[in-house]
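This report concerns only the one structure given below.
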Amino acid sequence: MTASATHADGQVGDRVDAGPTDADLTPYGGVEANEAWREEVRRLAAEQDAVVLAHNYQLPEIQDVAHHAGDSLALSRIAAESTASTIIFCGVHFMAETAKILSPDKRVLIPDERAGCSLADSITADELRAWKAEHPGAVVVSYVNTTAAVKAETDICCTSSNAVDVVASIPADREVLFLPDQFLGAHVQRETGRDNLHIWAGECHVHAGINGTELAARAAAAPDADLFIHPECGCATSALYLAGEGAVPAEKVKILSTGGMLDAARETSATSVLVATEVGMLHQLRQAAPEVDFRAVNDRASCRYMKMITPAALLRCLREGLDEVHVDPDTADQARNAVRRMIEIGRPGGGE
Ligand code: SF4
């Protein structure tokens with residue numbers, strides 16, 4: 001596959017949540033998130049020595065019942081440091097895999113293993129091996145939204161927060177293969193000025209749907225509003241790209257990790273804030289600063305995969321020990337090096 005650099009006009013498609021359509025991705029249902037459910041979740045978790053982690057883009061009731069909510073990397077760190085023998089990762093599959101890579105001796109469960117990620121699915125390990133063969137000697141930098149098998153073929157993983165630092169740490173004369181998010185890749189290319197950076201043409205169906213015209217129109221209609229762009233999970237990397245292209249006023253744009261976004265929410269003097277990310281983040285922001293009017297730049301920017309972790313799925317997970325996440329030990333060993341290097345370089349960012 002030929003890597004492409006960027007969309008030529010800085011605009012992205014209007015495809016909102018056009019990802020999974022299979023009928024067999026229907027989430028587990030039939031359980032109400034009431035007080036009895038919350039008590040049962042906590043009781044079963046305690047009984048099984050489990051820590052329940054929820055990504056920021058989970059359903060509000062899942063975030064509220066979890067022991068910790070945060071971005072994927074922060075949650076993986078919490079998982080690795082936790083004394084609990086079981087980790088229940090309420091998020092998408094690559095996140096649970098990353099937790100397993102960092103905590104190979106713990107039991108890692110995800111309440112619904114069908115919860116995938118269109119961005120992680122945009123490159124396979126075979127495709128990466130073929131791409132590497134075309135560029136012998138190149139350094140492979142993979143965004144954290146990748147499968148364990150792709151991470152195992154990677155030299156350094158990165159998050160949106162440290163992608164520029166990671167690429168800048170590579171000697172200027174070395175070719176770099178950057179994957180899989182083309183918007184983040186375009187941002188890194190612009191910031192580093194490298195002409196030997198090759199970018200995989202992948203994207204996430206949710207944030208590719210944060211349309212540049214829509215983003216600029218929403219900002220123009222609310223000139224006093226701050227614009228929060230969250231660089232984690234790949235979400236809003238298209239907005240990150242558009243902000244860099246001047247599609248929205250730079251002084252209003254705040255590129256923030258989850259933790260930074262929550263801090264900024266508490267500190268902002270703006271009465272309204274436009275939030276360019278997956279809509280699940282609004283729940284925590286509204287709790288942090290109830291007096292501020294938080295609006296999604298695109299309220300259709302909801303990840304269907306994330307929303308597959310329902311109250312019924314979590315209960316099934318706790319009662320039946322399903323679904324367990326396994327990563328082949330050799331793959332995990334190779335992938336762990338790339339993840340550790342990500343943690344060592346720059347601000348791995350997001351949410352702590
Ligand atoms: S919103 Fe995040 S988890 Fe969902 S498809 Fe996009 S990158 Fe993957």
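Any residue at all in the stretch 106-115 that's closer than 21 Å to TYR57 by Cα, more than 14 Å from the ligand (Cβ to nearest atom) and in a strand (DSSP E or B)?
Checked the stretch 106-115: at least one residue is closer than 21 Å to TYR57 by Cα, more than 14 Å from the ligand (Cβ to nearest atom) and in a strand (DSSP E or B).
Among the candidates ALA130, ALA125, ALA138, ALA99, which residue alone is assigned by TED's automatic domain parsing to the domain that holds TYR57, of a type outside the set (Ser, Thr, Tyr) and within 16 Å of the ligand (Cβ to nearest atom)?
Working: ALA130 fails: within 16 Å of the ligand (Cβ to nearest atom); ALA125 fails: within 16 Å of the ligand (Cβ to nearest atom); ALA138 fails: within 16 Å of the ligand (Cβ to nearest atom).
Only one candidate passes the filter, namely ALA99.
Take GLU47 and decide whether it is among the charged types (D, E, K, R) and closer than 16 Å to THR147 by Cα.
Values: among the charged types (D, E, K, R): yes; closer than 16 Å to THR147 by Cα: no.
Considered against the rule, which asks whether it is among the charged types (D, E, K, R) and closer than 16 Å to THR147 by Cα, GLU47 comes out as no.
Out of the residues in the stretch 280-313 that are at pLDDT 90 or above and among the β-branched types (Val, Ile, Thr), which is nearest to the ligand (Cβ to nearest atom)?
In this case the residue turns out to be ILE309.
Would you be able to say whether some residue in the stretch 48-59 is part of a loop (DSSP other than H, G, I, E, B) and more than 16 Å from the ligand (Cβ to nearest atom)? Step through it out loud before you land on a result.
Filtering the stretch 48-59 for residues part of a loop (DSSP other than H, G, I, E, B) gives 48-49, 56-59.
After this cut, where a residue has to be more than 16 Å from the ligand (Cβ to nearest atom) as well, the list is 48-49.
Yes, there is a match, as at least one residue in the stretch 48-59 is part of a loop (DSSP other than H, G, I, E, B) and more than 16 Å from the ligand (Cβ to nearest atom).
Using the structure shown, decide if MET308 is within 24 Å of ILE101 (Cβ to Cβ) and in contact with a strand residue (DSSP E or B) (Cβ under 8 Å, 6 or more places away or on another chain). Walk me through it before giving the result.
Details: within 24 Å of ILE101 (Cβ to Cβ): yes; in contact with a strand residue (DSSP E or B) (Cβ under 8 Å, 6 or more places away or on another chain): no.
No.
Please go through the stretch 70-105 and pick out each residue that is surrounded by fewer than 24 Cβ atoms within 10 Å (Cβ to Cβ) and not in a helix (DSSP H, G or I).
Answer for the stretch 70-105, where residues must be surrounded by fewer than 24 Cβ atoms within 10 Å (Cβ to Cβ) and not in a helix (DSSP H, G or I): SER82, THR83, ALA84, SER85, THR86, SER103, PRO104, ASP105.
Note down all Cβ pairs under 7 Å where the first residue falls in the stretch 182-201 and is of a type in the set (Ser, Thr, Tyr), the second is buried (at least 18 other Cβ atoms within 10 Å of the Cβ), and they're at least six residues apart or on different chains.
THR192/VAL164; THR192/VAL167
State which residue is modelled with the highest pLDDT when the search covers only the stretch 174-198 and only residues that are crowded, with 23+ Cβ neighbours inside 10 Å and among the β-branched types (Val, Ile, Thr).
VAL176
Select from the stretch 107-122 the residues that are within 12 Å of THR86 (Cβ to Cβ) and surrounded by fewer than 20 Cβ atoms within 10 Å (Cβ to Cβ) and list them in ascending order.
Passing the criteria: only ARG107.
Could you please let me know if ASP71 is under 18 Å from the mean Cα position of the chain (by Cα), within 14 Å of the ligand (Cβ to nearest atom) and within 19 Å of GLN284 (Cβ to Cβ)? Explain how you work it out, then say what you get.
Details: under 18 Å from the mean Cα position of the chain (by Cα): yes; within 14 Å of the ligand (Cβ to nearest atom): yes; within 19 Å of GLN284 (Cβ to Cβ): yes.
So ASP71 passes the test.
Of the conditions (1) assigned to a loop (DSSP other than H, G, I, E, B); (2) modelled with pLDDT of 95 or more; (3) not polar (S, T, N, Q), HIS7 fails just one. Which one is it?
Failing condition for HIS7: (2).
The values are calculated or read from the model by the stated rules, or taken from the named source; none is laboratory data. Computed from a predicted structure; not experimentally measured. When we count neighbours, we look across all protein chains shown, and the Cβ atoms used for this are built from the backbone with ideal geometry, even at glycine.
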